Amino acid sequence: MLPLILFYLFATVLVLAAVAVIVSRNPVYAALSLVLCFVTSAAIWLLIEAEFLAIVLVLVYVGAVMVLFLFVIMMLDIDLEELRAGFTRFAWLGWIVAGVIVLEIAGVVLTGKLGIDVTRGAAPLPANYSNTQELGALLYGRYAYPFEIAAMVLLVAIVAAIALTLRHRPNLKAQDIGRQVAARASERVRLVKMDSEHRE
Amino acid sequence: MMPGALPSGPLALAIPEMWLAGSACLILLCDVYFGSTRRSLTATLTMLALTIGVALTGQYGLSTQRFLLFNGLYVADPLAGFLKMAAFVAMATAIFYSQDYLEQRAIRGGEYYVLCLTALLGIFVLISANSLLTVYLGIELLSLSLYALVAFDRDSGIAAEAATKYFVLGAISSGILLYGMSMLYGLTGTLDLDRLSTIVRSGPDAALIIGVAFVVAAIAFKFGAVPFHMWVPDVYEGAPTSVTLFIATVSNLGSFALILRLLAHGLAGTPAIWTQMLMAVAVLSLLVGNLGAIAQTNIKRMLAYSAIANAGFVLLGFASGVNAGYQAALNFTIAYVITTLASFGMILMLSRSGFEHDQIADFKGLASRDPLLAAMMLALMFSTAGVPPFIGFWAKLWIIQALLGSRHAWLATFAVLISVVGAFYYLRVVWYMYFEAAGDRPVPEARARMRFILVINTVAVTVMGVLPNALLRICERVLPP
């Protein structure tokens, strides 16, 4: 009973937060609502015993992606009027896409009614079952080779991004990490002894 | 794990990949620490890594049997060993040709060489792929490195445009490939190409045809075959010539491995579906490539259209659906890579600091300015056009023989006729070199080392044309029926 109550609680919050993402006028509020979406989805994933994925969702999406997103939103000067300009003109396209999605959802929901039972739940797992361990065994065992290649793909992405964007300009005020680390408090803070002033 | 699977081979067969990945990381580190003070160090280390790679492949990477490694995700067979060896040698030659060009254009980032090595690793992954997963990862590793290489000259607007086009179209084709793969996976429940080839034996089924169509479209994009050829001329023209050289040659070995592993092996059960698609793509490529090349004034663009036409020939070999056709396609790919290495090497040789030798008119009177280079360019153009006794003639002949052998007489006739049309624009270069006045065009620089390698490369094109059977024997051995 408790899991069911929790599910409906989180699901309600999730749907409300998703609506808030769309209707917020302020992009920062929309992004924060999206964070709430991710956190509640992570809670729902916990309920279906996908602990590792739930933690990764919070760490990666909330911790990294959305923070980056918020930085971008706050740093860019977004002209909302310009963004909204084409809204009514392209609304029909949005309605068509929305209609297709509604049909697809209906198709998935109604498969049970049509006599096709494809939505069998997974068998309950024993208490000491760790899906983190299972994922690790697959990633570092059976799929070690593609895992390593994927690591190389990420390395290429880093190298390419740096090679294409980093420019050494003469007047660049870049950090010199060696000097930063070597800095001592005694070099930075100068204590000056002054006589206190006396009001005559 | 798999019914009838071959025994897992020794891990040593994967040493070429391990060496390549390790040396790419090491060279990256060396470049970070010493690259700014010793500029040629990274290039030298890369050449060293490639040379050691050839030795290691010769020692460990060649196998006479078929072995499966890494739980069946990786295959080591005679073909893989041969293609890796060829890719190492082609890469080393390409880097050798590129060094002066890069130095003159102040393209000095050591990352250039690291990206070349990772692209080569992507090709290796493709060559040894035995699962849809590894096929996809290989393509991504290769493509990502290539996008960055095309854009590497950051001050060039035309290169940035080419890279953007290449990246956007490449991303779409990756999506198309993934969609096709997901349909194949949905139908069969396996990513393993061995299992796929045994499961997909039934007759044409609508979902299967759609899935295969998506896969064929993505393969055609990688080859630059019509109607997915739009990126080829722009990328060939816009990229630095050294990168064009790479895309036109080494990258082709990866495309060959891709089509061989995915279609000729993974979908061997239903050749009827994809051979028909390949025929249409090949015929269109031959037509558009050969007719498009006539109108070009830029030699890089002309060679790009020539690449489209030649992709058509390779696809014709696969469209025959018989093993002799695959052997002919391998033979054609190797012949094309050897010839094109030297053709682009020639453009790099003739380019100087501040001058891109990329107009066909720049070849005017080359015979009087530098008879040796002109004679070599003559041999290369004749070979690409398919004039005997050069290697390109035999390559085309065997494709046509395979087509006749599989009763595709009209395809063979079409290929011959369109090749005659194609000969026009290759011969125009020869005409410019021998029968037009040089005007005030300067005498090419000496550059003894590069000239020496170019001579060896051109002699290889000629000797392998006079004695064509050696390469064919190798192709027959690594692709047994």
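Each reported figure results from applying straightforward, stated rules to the coordinates on display, with no laboratory input. Note that the structure is a prediction, hence the values are computed from the model and not measured. Heads up, the Cβs are rebuilt from the backbone with ideal geometry, glycines too, and the neighbour counts pull from every protein chain shown.
Values for this structure:
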| item | result |
| --- | --- |
| Wholly enclosed helices (runs of 4 or more DSSP H) of the stretch A:1-100 bearing at least 1 residues surrounded by 15 or more Cβ atoms within 10 Å (Cβ to Cβ) | A:2-23, A:27-47, A:51-56, A:66-75 |
| Tally, over the stretch B:437-475, of residues that are of a type outside the set (A, V, I, L, M), under 30 Å from B:ALA76 (Cβ atoms) and buried (at least 17 other Cβ atoms within 10 Å of the Cβ) | 3 |
| Every residue from the stretch B:317-360 that is out of contact with any Phe, Trp or Tyr (no Cβ under 9 Å at 6 or more places or on another chain), in a helix (DSSP H, G or I) and more than 28 Å from B:MET450 (Cα to Cα) | B:ASN323 |
| Test: residue in the stretch B:379-399 that is more than 19 Å from B:LEU471 (Cβ to Cβ) and more than 21 Å from the chain's Cα centre (by Cα) | no |
| Single condition B:TYR305 does not satisfy, out of (1) part of a helix (DSSP H, G or I); (2) without any contact (Cβ under 8 Å) to a residue 60 or more places away in the chain; (3) not polar (S, T, N, Q) | (2) |
| Residue identified as in contact with a helix residue (DSSP H, G or I) (Cβ under 8 Å, 6 or more places away or on another chain) and either within 14 Å of another protein chain (Cβ to nearest Cβ) or among the small types (Gly, Ala, Ser) (or both) among B:ALA171, B:ALA106, B:ALA162 | B:ALA162 |
| Filter result (within 14 Å of chain A (Cβ to nearest Cβ) and closer than 28 Å to B:SER353 by Cα) within the stretch B:48-103 | B:LEU102 |
| Cross-chain or 6+ apart pairs with Cβ under 6 Å, the stretch A:1-23 first and among the aromatic types (Phe, Trp, Tyr), then surrounded by 11 or more Cβ atoms within 10 Å (Cβ to Cβ) | A:PHE7/A:LEU47; A:PHE10/A:THR40; A:PHE10/A:ALA43; A:PHE10/A:ILE44 |
| Which listed residue, of B:LEU137, B:LEU144, B:LEU132, B:LEU196, is at the interface with chain A (Cβ under 10 Å from one of its Cβ atoms), buried (at least 19 other Cβ atoms within 10 Å of the Cβ), of a type in the set (A, V, I, L, M) and touching a Ser or Thr at 6+ places or on another chain (Cβ under 9 Å) | B:LEU144 |
| Qualifying positions in the stretch A:159-181 - within 10 Å of another protein chain (Cβ to nearest Cβ) and either among the β-branched types (Val, Ile, Thr) or not in a loop (DSSP other than H, G, I, E, B) (or both) | A:VAL159, A:ALA160, A:ALA161, A:ILE162, A:ALA163, A:LEU164, A:THR165 |
| Residue within the stretch B:106-113 that is surrounded by 20 or more Cβ atoms within 10 Å (Cβ to Cβ), over 17 Å from A:ILE149 (Cβ atoms) and among the acidic types (Asp, Glu) present | yes |
